[in-house]
1. Give me the one-decimal nm value for the distance between modelled label points at B:TYR563 and C:GLU82, 7 Å along each residue's Cα-to-Cβ direction.
2. State, to one decimal in nm, how far the label point of C:ILE146 lies from the label point of B:SER55, with both points 7 Å from Cα in the Cβ direction.
3. Which three numbers, in whole Å and largest first, are the semi-axes of the equivalent ellipsoid of the protein assembly as shown derived from its Cα gyration tensor as √(5λ)?
4. Percentage of Cα-Cα pair distances in the stretch B:581-629 greater than 14 Å, rounded to whole percent?
5. Evaluate chain A: find the radius of gyration of its Cα atoms, find its Kirkwood radius, and give the ratio Rg to Rh.
6. Over the stretch B:289-532, what relative contact order in percent results from Cα pairs under 8 Å that are six or more residues apart?
7. If each residue's Cβ is checked for other Cβ atoms within 10 Å, how do B:GLU111, B:GLU476, C:GLU82, B:GLU508 rank with the fewest at the top?
8. If I take every Cα pair under 8 Å that is 6 or more residues apart in chain A, average their sequence separation and divide by the length, what percent do I get for the relative contact order?
Amino acid sequence: MNTVPMESGLVLAGILFILGFIGVLVRRNIVFILLSLEVMLNAAGLAFIFAGSRWVQADGQVMFIFILAMAAAEVSVGLALILQIFRDFKTLDADAANNMRG
Amino acid sequence: MLELLWIVPALPFLGFLILALIGSRMPGKTAAAIGVASIGLSALLTVFIGINFISSPPAGRVYIQTLWEWFNVAGLNPGIALRLDAVSLTFIFVITFVGFLIHLYSVEYMEGEEGYSRFFAYMNLFVGSMLMLVLGDNLVLLYLGWEGVGLCSYLLIGFWYKDPANGYAARKAFIVTRVGDTAMAIGLFILFTELGSLNIGRLLEVAPLNWPVGSSMPVLAAALLLGGAVGKSAQLPLQTWLPDAMAGPTPVSALIHAATMVTAGVYLIARMHVIFTLAPVVLTIVGVIGALTLLLAGFSALTQHDIKRVLAYSTISQIGYMFLALGVGAWSAAVFHFMIHAFFKALLFLGAGVVILALHHEQNMFKMGGVRKMIPVTFWTFLIGSASLAALPLVTGGFYSKDLILFYAFDGERANRWLYAAGLLGALITALYTTRMVLLTFFGEAKTHLHHKPTWIMEMPLVVLAVLSTFGGFVELPHTLGHLTLFSDFMQTILPGNQVAEGGISTELILQLTAAVTAILGIFIAYMLYYKNPERVTALRRSAFGSRLHAFWKKGWGFDWLYDTLFVNPIVWIAEVNKSDFIDLIYTFIAWVNRMFNRAFSFTQSGRLRWYAMGIALGAIITLTIAVFL
Amino acid sequence: MTIVFYIAALVAVISTAMVITRLNAVHALLYMVVSLLSVAVIFFILGAAFVAALEVIVYAGAIMVLFVFVVMMLNLGPASAEQESRWLSPAGWIGPGILSAILIIELVYILFTNARQDILTQSVAPRQVGIALYGPYILGVELAAILLMAGIVGAYHLGRYKNVFLHRYLHKELQ
């Protein structure tokens, strides 16, 4: 009774990931792009948890914790960058910041 | 004292290094002081070494100072070694002393020019390289100096590089001499493979033991060495670069293209005299080349308008005399004429420089005239120099040196009446064009006003050189006039003497009288033609044949045209044709492909975040599709 | 429990879809919180109670609040919502939509061609997680610590207000 189909769980993770991915591609606002990235990370974490539960092992949760730490670091740096971009360009348009060529 | 010899070439190089590294940041006076002082000290040291060498000659009359081994490859181990003997001592004395005077003169002449310190850096490098050339103990070191002076010549002809014409002249000089240098390099290869050494002393010893007189190897080697000498000394057929080399500043023309570098060919042949004696055919060719060149250049000099070009052609002509002397085996006479020529030709160039500067960079003699009262010192010294060039009897150095050559050409071991006749005719022409030049420049009505009055810095070298070109000749007096043989005795320690075949004092006296009369006759004809009756010359020039001949001579006998037609234009044509051949298309295609890739990649690097994300997605899809369905 | 999972999944998908379509950033963030909470429910169902708590506390609690702060700092007015609607043109959805459709179809294809597997929702206790973290994964923990440190320093450095030096005549024009 207490079972969850593996496929549907992974499909859910896939759908969430794809939604985040669509967000990254469609939105021009950098805040939304960053938010969509968070959705994608979260979806990846979800897949890990599913895998961990499938084998009844702690490793999936460990990976999720790592993803969490990475997401936190990424968000802090990303948000600081957004603030900087907003100050310099007076806009949140990701395409406006395309002249930073190496 | 002799062990200080290495300092002589080291000082100019040191001066060059200082000037090249920090010269542009120091004030002009400091740069000039470094340039002049390094050569001056070198000259002073040379005088001391010379006195020491003559008063207490080393064993064998040759002093060799080995500093270190340069390299050692496959049995070729040239050392950085200096060889001092009578010939190289004469040469380094002339190089450092005349070089010093010309440096001093340049301090004022080049004042205010752009690249003042650069000029002195190049000049110092030149003097250093020239000293390496004549002091080198082996032919490899000689070749290093040889190419070094070629480089300096190129740099200094193109000194005012902003005018493309100067750059063209510089390239022409470099490329034409390169033809000769290549021949010389091949000659060195032959000497090394055949005799196993390039050390000068060893070569001179070994060559006669290995090669019989007139065999093919020495002929080949000597002919190739002659190629190098002909290129550097602007002799037929590679003489075309020297008149154009006058594009450089006048002190450069004086030092490099009259007094020192262009006589390197004479030095080389004198140095390698043993090889040339083993190849009598080549030695005859040397004499013939000299005779032809001195005549051709003399006729060209007659028609020039530019005072520096007159002097350039007269330089070619006088070096022709030296080659003639070498060709008849009068080695010491050649070196003697080199020395006297260096003095009076440097004097003439420097005097011409004063005139040019005084008349606001006017070089056309027909626009000069009447300047003798404005710059008296220059006038008198120039007159002395001209007298020496025209070989005015008894009182000038030029007379003694040229007379010696003519004497040996008539009466020496390898005497040749044709060569003598050419030399005599050349003497007449020399007197003609020299007088013409002096008359046009200094006499007649003044056509311009004085622009720059020379100070003692420019006049002092003139006076010193005038004294030298007069009294320098008195170290070697013919039998009829005191019979002093200081110079040839000195030279015979290293160069073989020349036995006089026949006759005696009477023959010599007749020869001298002929030479003297020829010179005076030339001066007189020039005086009559160019001063008394200039309209006659004008009429001659206006006539159909005269004008054509005049134009022909003025262009240097059409050698430039000939070489352009024979070599330059065909190569340019081939290059044009080959510009887009099949092989080239392949490379163009490769370049095109690369450019397309570059365009494609730079298009993808748009800097737009979402574009990159799209790229990642596309890549992921393709990878997944391959993984799933294949 | 299976029913609960499907409900939570449905909520997660819908709220995530709302996240990427909202014009107002704060609305999107709130939908995001809902999405995260429903994912936390799924974690709980799967027996990973510890990470479910972390999801709520760290993700929904800390990271999203950070977003909210920044959005408030940017002080975006109603004009920004208008701008968003202009940016979100219907044509812009076509390309990503096709790509995503292909991706999800491939994913589903892969998943359903394999044999069906059910997960027994057995609990994995936090103790096991801790032992794993500080046992075989100790290097990862340290790396994560360094990463966080770098994140702090980076955020501090980037977030500083840079003084813009301008000529005094230009100041007036800017104001």
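Derivation of every value follows stated rules applied to the coordinates shown; laboratory data play no part. Please read all numbers here as calculations on a predicted model, not as lab measurements. For neighbour counting, all protein chains shown are included, and Cβ atoms are generated from backbone atoms with ideal geometry for every residue, glycine included.
1. If labels sit at B:TYR563 and C:GLU82, their model points lie 8.0 nm apart.
2. About 8.0 nm separates the two model spin labels.
3. So the equivalent ellipsoid measures 94, 32, 26 Å along its semi-axes.
4. Tail of the P(r) past 14 Å holds 69 percent of the pairs.
5. Taking Rh as the inverse mean 1/r over Cα pairs, Rg/Rh reads 1.11.
6. Worked out over the stretch B:289-532, it gives 27 percent.
7. With the sparsest Cβ surroundings first, the list reads C:GLU82, B:GLU111, B:GLU508, B:GLU476.
8. In percent, rounded to a whole number, it is 26.
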